[in-house]
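We did not get these values from a lab; they are worked out from the coordinates using the rules stated. Since we're looking at a predicted model, the values are computed, not measured. Every residue, glycine as well, gets a Cβ built from its backbone with ideal geometry; the counts of neighbours run over all protein chains shown.
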Amino acid sequence: NAGVTQTPKFQVLKTGQSMTLQCAQDMNHEYMSWYRQDPGMGLRLIHYSVGAGITDQGEVPNGYNVSRSTTEDFPLRLLSAAPSQTSVYFCASSYSRGRAHSYEQYFGPGTRLTVT
Amino acid sequence: DAKTTQPPSMDCAEGRAANLPCNHSTISGNEYVYWYRQIHSQGPQYIIHGLKNNETNEMASLIITEDRKSSTLILPHATLRDTAVYYCIVRVPYGQNFVFGPGTRLSVLP
């Protein structure tokens, strides 16, 4: 298993540009989520999904869109990049309710985004 | 989910036990204690979890006080590779989201 993969590893955007951060997992996990981590801070939840076709907002959803058309993929879209979105973005997946005790989230390696 | 309090940083000598405390005085009866760590800039990694009994696995031991208001993660023989930020999280077992605070930055010194 490749686990959770994220692309790209690094990205530089200009203010106002849009882009999509890719996330994929091959563990057949129902639950997937996106976090951002600013320097010296813990992770903050952006959006999450409990299964294909179902998404919901986390703690800091503004400026981001998500969709979940398949179990494997959960892309994060930045609509109009702003310097405040400079951060490291982590995608994670786990089993969901009713399937198993979802104690372990598997994290991807992260995407380091800089907005100038 | 209950909030947790951890010291911002700790040092430990290589080869010695690292004891990382966590306070969760408002924990509910059905909330578990989870520990994750984040090495350098990698994604967080699961370490261990428990409800009220002490737990041990190949990575660490988790000691939860009888009143469940605090816990301690123990790395029995810390190595330089254990230098990381350690996060203590409490949540219900089937909750979807983990809330990561600032954690404890553990530095293992040679």
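Based on the mean of other Cβ atoms within 10 Å per residue, sort peptides B:66-77, B:32-43 so the most packed one is first.
Values: B:66-77: 15.8, B:32-43: 18.8.
Going by the mean number of other Cβ atoms within 10 Å, highest first, we get B:32-43, B:66-77.
Across the residues of B:66-79, average count of Cβ atoms on other protein chains within 10 Å? Spell out each step's value before the answer.
Working: counts 0, 0, 0, 0, 0, 0, 0, 0, 0, 0, 0, 0, 0, 0.
Mean number of neighbouring Cβ atoms from other chains: 0.
Classify segment B:30-110 as rounded, prolate or oblate, taking a ≥ b ≥ c as the square roots of the eigenvalues of its Cα gyration tensor: rounded when a/c is under 1.5, otherwise prolate if a/b is larger than b/c and oblate if not.
On the way: a/c = 2.11, a/b = 1.37, b/c = 1.55.
Oblate is the answer for segment B:30-110, as a/c is 1.5 or above yet b/c matches or exceeds a/b.
From the square roots a ≥ b ≥ c of the eigenvalues of the alpha-carbon gyration tensor of chain A, which class results: rounded (a/c under 1.5), prolate (a/b over b/c), or oblate?
Values: a/c = 1.82, a/b = 1.74, b/c = 1.04.
Prolate, since a/c reaches 1.5 and a/b exceeds b/c.
How large is ³J(HN,Hα), in whole Hz, for each residue of segment A:107-116 in order, when computed from phi with the Karplus curve 6.51 cos²θ - 1.76 cosθ + 1.60 and θ = phi - 60°, using x for Gly and Pro?
3J(HN,Hα) across segment A:107-116, in whole Hz: 9, x, x, x, 10, 9, 10, 10, 10, 9.
Provide the per-residue ³J(HN,Hα) series for segment A:26-31, in order, calculated from phi with Karplus coefficients 6.51, -1.76, 1.60 and θ = phi - 60°, each as a whole number of Hz, with x at glycine and proline positions.
Result, rounded to whole Hz: 10, 9, 6, 7, 6, 8.
So, with +1 on the Cβ of K and R and -1 on the Cβ of D and E, and no other charges, what is the size of the charge dipole of the protein assembly as shown about its Cα centre, to the nearest 20 debye?
Working: 18 positive and 17 negative charges, 90 e Å.
For this selection, approximately 440 debye.
Express as a percent, rounded to the nearest 5, the fraction of DSSP beta bridges in the protein assembly as shown (both residues included) that run antiparallel.
Details: 60 of 69 bridges.
Among the beta bridges of the protein assembly as shown, antiparallel pairing accounts for roughly 85 percent.
Residue by residue through segment B:52-64, which ³J(HN,Hα) values in whole Hz follow from phi under the Karplus form 6.51 cos²θ - 1.76 cosθ + 1.60 (θ = phi - 60°), with glycine and proline marked x?
Result, rounded to whole Hz: 8, 8, 5, 10, 9, 9, 5, 9, 6, 10, 10, 10, 10.
Size of the dipole of chain A about the Cα centre, Lys and Arg at +1 and Asp and Glu at -1 on the beta carbon, nothing else charged, in debye to 20?
260
In a Debye calculation with equal point scatterers on the alpha-carbon sites of the protein assembly as shown and no solvent, what is log10 I(q)/I(0) at q = 0.14, 0.16 Å⁻¹?
Evaluating at q = 0.14, 0.16 Å⁻¹ gives log10 I(q)/I(0) of -0.89, -1.12.
Work out which trypsin sites (Lys or Arg not before Pro) in chain A are exposed loop sites (DSSP not H, G, I, E or B, at most 12 other Cβ within 10 Å) and give the longest gap free of them. The partial results should precede the final answer.
Details: sites that count: A:9, A:14.
Result, exposed sites excluded: A:15-116.
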